[in-house]
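Read the structure below first, then the notes.
Every number here is computed from the coordinates shown, using simple stated rules; none is lab data. This is a predicted model, so every value here is computed, not measured. Positions of Cβ are backbone-derived with ideal geometry, glycine not excepted, and every protein chain shown enters the neighbour counts.
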Amino acid sequence: MHRYIARANVDHYIALLNGADLMPDRRSAITKMLISEADELGHDLEQLEFFENRAAAGRKRVETVAHLRDGFAFGTPDRRQAEELLVNIENLQTLLEDTCHRLRRKINSRGP
């Protein structure tokens, strides 16, 4: 049951961090909660797969937001807003990829 709740929390935090309207201090607090939940989930192949799925979805999200951003003219308010959103999405993606790398290292360090 704990893993179910932790995974639901991870998905909730990811959804919040994908938004464009979070203030930096709130974004930082949610990021810390996401990292904490990831650490509590454990370090097995099941959790690695869970985060790899989130990272794969995140890569698609980065690509989509970059494409949308490119549809706005340089120097416009819409372009600036899209660029800010893209930075937030890329930062989240870095966190997800780092989590996958960390889990892989922990799993591999245990050996067969």
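Taking a sphere under 14 Å around the Cβ of SER109 and counting the other residues whose Cβ falls inside, with K and R at +1 and D and E at -1, yields a net charge of +4. Projected label points at SER36 and GLU97, each 7 Å from Cα along the beta carbon direction, are separated by 2.7 nanometres. With contacts taken as Cα pairs under 8 Å and at least 6 residues apart, the chain reaches a relative contact order of 34 percent.
Long hydrophobic helices in the chain, taken as whole DSSP H segments with a C-alpha length of 15 Å or more on their own axis and mean Kyte-Doolittle hydropathy at least -1.0: 2-17, 24-40, 45-70.
Once the chain from HIS43 to ALA57 is taken as fully extended at 0.36 nm per residue, the excess over their C-alpha distance is 3.0 nm. Relative to the current alpha-carbon distance between PHE72 and ALA15, full extension at 0.36 nm per residue lengthens the span by 18.1 nm.
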